[in-house]
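The values are calculated or read from the model by the stated rules, or taken from the named source; none is laboratory data. If you're wondering where the values come from, they're calculated on a predicted model, not measured in any experiment. Quick reminder, even Gly has a Cβ in these numbers, built from the backbone with ideal geometry, and neighbours come from all protein chains shown.
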Amino acid sequence: MKKALGLMKKLFLQDPEKLCGLYPHQLSGGMRQRLIAAMSLSFEPELLIADEPTKGLDPEARAGAVELFTKIKNEYGKTMLLITHDLDLAHEVCDRVAVMYAGEVVELDEASKILHSPGHPYTKGLIRAHPRNGLVPLSGQSPSRIKLPEGCFYHERCRYAAVECSRRHPEMQNHKGGGIRCHLRSLQ
């Protein structure tokens with residue numbers, strides 16, 4: 001109990017003794033998230049995985065989540081895998097980002113490089129679709145995972161697609177210190 005209370009205090013939870021007597025529905029989303037992080041850290045894992053940690057959080061709770069993950073990264077030195085659609089969270093917390101489309105990595109690099117100068121057309125589309133960038137939606141539909149298209153999985157939605165894109169699936173290639181899965185070198 002002493003270890004749990006100590007972790008709760010370190011992860012910005014006030015009055016942890018009182019919190020131990022409450023039910024989950026009596027806690028805010030941010031408080032529940034911090035408790036889950038404290039429980040996870042109590043096992044001293046080598047890798048901490050968080051799936052959509054800011055989904056459904058209000059702006060204040062989201063800011064708390066960013067602070068929490070930054071603290072875990074900096075003070076505990078834990079390796080984290082954040083699975084998220086929250087590009088701002090990725091930029092603020094992550095060192096490296098892997099952008100996935102149709103179940104495979106299409107771009108991998110330092111977070112700031114990917115988010116400021118993306119190379120893959122899908123990554124460019126994700127960034128354009130962000131509200132602060134005009135909320136420009138991606139064209140088309142995601143492919144069925146049951147029947148993926150021939151060639152590049154993104155070619156049917158890509159405004160830069162060439163004939164080669166529909167015929168041959170691209171391999172991951174080294175690109176400016178990172179990696180990219182795209183045939184069109186002129187985009188990069």
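The combined condition, being touching a residue at least 24 places away in the same chain (Cβ under 8 Å), more than 30 Å from Leu13 (Cβ to Cβ), in contact with a Phe, Trp or Tyr (Cβ under 8 Å, 6 or more places away or on another chain) and crowded, with 17+ Cβ neighbours inside 10 Å, is not fulfilled by Leu115.
Mind listing just one residue for me: the one in region 173-188 that is part of a loop (DSSP other than H, G, I, E, B) and closer than 13 Å to Tyr101 by Cα and, of those, farthest from the chain's Cα centre (by Cα)? Even if it seems obvious, please write down each step before you answer.
The initial filter retains those residues of region 173-188 that are part of a loop (DSSP other than H, G, I, E, B), namely 176-177, 181-184, 188.
Restricting the remaining residues to those that are closer than 13 Å to Tyr101 by Cα gives 181-182.
Details: Arg181: 18, Cys182: 21 Å.
In this case the residue turns out to be Cys182.
Taking Glu60 as the residue in question, decide whether it is of a type in the set (Asp, Glu) and more than 28 Å from His175 (Cβ to Cβ).
On the way: of a type in the set (Asp, Glu): yes; more than 28 Å from His175 (Cβ to Cβ): yes.
Here the answer is yes, as Glu60 does meet what is asked.
For region 45-70, which residues satisfy the criterion of being outside any helix (DSSP H, G or I) and touching a strand residue (DSSP E or B) at 6+ places or on another chain (Cβ under 8 Å)? Spell out the reasoning first.
Keep residues of region 45-70 that are outside any helix (DSSP H, G or I), which gives 45-58.
Residues satisfying the conditions are Glu46, Leu47, Leu48, Ile49, Ala50, Asp51, Glu52, Pro53.
Which of the residues spanning region 33-73 are within 19 Å of Leu7 (Cα to Cα), surrounded by 14 or more Cβ atoms within 10 Å (Cβ to Cβ) and charged (D, E, K, R)? Result: Arg34, Glu67, Lys71, Lys73.
Taken together, the residues in region 25-49 that are at pLDDT 90 or above and over 21 Å from the mean Cα position of the chain (by Cα) amount to 2. Number of residues in region 93-112 that are closer than 24 Å to Ala65 by Cα, surrounded by 15 or more Cβ atoms within 10 Å (Cβ to Cβ) and in contact with a helix residue (DSSP H, G or I) (Cβ under 7 Å, 6 or more places away or on another chain) equals 5.
Within region 85-140, work out how many residues are assigned to a helix (DSSP H, G or I), among the polar types (S, T, N, Q) and over 15 Å from the mean Cα position of the chain (by Cα).
Quick first cut of region 85-140, residues assigned to a helix (DSSP H, G or I) only: 87-93, 111-116, 121-128, 131-133.
Narrowing the set further to residues that are among the polar types (S, T, N, Q) leaves 112, 123, 133.
Cutting the leftovers down to over 15 Å from the mean Cα position of the chain (by Cα) gives us 133.
Result for region 85-140: 1.
Considering only region 50-72, state which residues are at pLDDT 85 or above and on the phi > 0 side of the Ramachandran plot. Passing the criteria: only Glu52.
Just checking, which of Ile127, Ile83 is buried (at least 17 other Cβ atoms within 10 Å of the Cβ) and within 26 Å of Ile49 (Cα to Cα)? Exactly one residue qualifies, and that residue is Ile127.
Among the residues of region 142-170, write down those that are exposed (fewer than 10 other Cβ atoms within 10 Å of the Cβ) and either assigned to a helix (DSSP H, G or I) or without any contact (Cβ under 8 Å) to a residue 12 or more places away in the chain (or both). Result: Ser144, Ile146, Lys147.
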